[in-house]
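Comments concern the structure below.
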Amino acid sequence: MSALRILHLVGSASDDFYCDLSRLYAEDCLAATANALSSDARIAYITPDQQWRFPLSLSPSDLAAAQPMPLSEAISVLVAQNIDVMLPQMFCLPGMTHYRALFDLLQIPYIGNPPEVMALAAHKARTKAVVAAAGVSVPRGELLRLGERATIMPPAIVKPVNSDNSLGVTLVNDRAEYDAALEIAFEYASEVIVEEFIQLGREVRCGVIDRDHQLVALPLEEYWIDRHGYPIRAHADKLKRSEEGNLSFAAKNHDKSWIVDISDPITERVQAMAKQCHRAMGCRHYSLFDFRIDPQGQPWFLEAGLYCSFAPKSVIAAMARATGIELADLLMSMIESTLGETQQRSVPCSF
């Protein structure tokens, strides 16, 4: 049997930051799975000028050596490679939507959520509306456009409607701080959410995976937050740049984040809400949700992050590892599910 041809779709068609972020995670995934899977790994790398490259690796020398080409030529290369399954590694909005839709058109199956679900998750206000309709608790909020004023009494969180990694997020403690916070948020999006600040409490994430046709909620990951000096997680807690401008992961250690013991009373409640969110949004294969726990122990939905790079530092991979599911096993089970679904769709119906 020939090795599975897995295409890693990497880069960004719109933004240098997301291009670097995608490459960072994809490099980690490729290195971690190189010897663990019997596969033929291929790479498609897209840059903000919307040019495609098919490098041998993601090293600077191989990227520089790869021939840039427009989409029209790239499609011919994709078709000729007879890809078995694509692994999406793009985190920009076009990468999560338009490029996944392209692979639907090319009938190349891929792991993860379809473009319409990714588009829903990328708009935080719409996501909140959908999960709230399913019975999940969400903070009261309002959606503002440029020139509109916030009416929610502080403390409140101001954040762009569609940015990730805490870009443009500000905690407002006084009405006088709104103008500056909104100005920052509008640098990242044309719409901004202002929502009630949920007091600490705790802050956790919960992943859900589809395993053997059953939804499995993974152990929670908790983040260190201090009510007085460190009330929210900032962009610097997730990613950092060196003096040379290279993007890297912010250091993770047990003082900043940890896997919550499954016997913790909050676990079962958050896991049930995460499954509600997964079903309400129509997720496929896996999902990830952030929750804030107030001082009374009530979980409040914050946002969805419906992507996984299958790198060791990926949150879903870390949660799965805590249950004994190693990265290669997790990825292979997702590949098998994807290929199984594709095979079912290709079987003609008889009447």
What full-extension length gain, to one decimal in nm, is calculated for H98 and E187 as 0.36 nm per residue of separation minus the Cα-Cα distance?
29.7 nm
Go through K275/K313; K159/K275; K128/K159 and tell me which ones have a Cα-Cα distance over 19 Å in this structure.
K275/K313; K159/K275
So if I take the alpha carbon set of the chain, get Rg, then get Rh from the Kirkwood formula, what is the Rg over Rh ratio?
0.97
Phi angles of the range 18-29, converted by Karplus (6.51 cos²θ - 1.76 cosθ + 1.60, θ = phi - 60°) into ³J(HN,Hα) in whole Hz with x for Gly and Pro, give 5, 5, 5, 4, 4, 4, 4, 5, 5, 4, 5, 5
Which is the longest stretch in the chain that no exposed loop site breaks, taking sites as GluC sites (Glu not before Pro) with a DSSP loop state and at most 15 other Cβ atoms within 10 Å?
1-147
Output for the range 140-199: chymotrypsin sites (Phe, Trp or Tyr not before Pro) sitting in coil per DSSP, at most 16 other Cβ within 10 Å, listed by number, reads Y188
In percent, what relative contact order does the chain have, based on Cα pairs under 8 Å that are 6 or more apart in sequence?
17
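Each reported figure results from applying straightforward, stated rules to the coordinates on display, with no laboratory input. These figures come from a predicted structure and were not determined experimentally. Cβ atoms come from the backbone with ideal geometry, glycine included; neighbour counts cover every protein chain shown.
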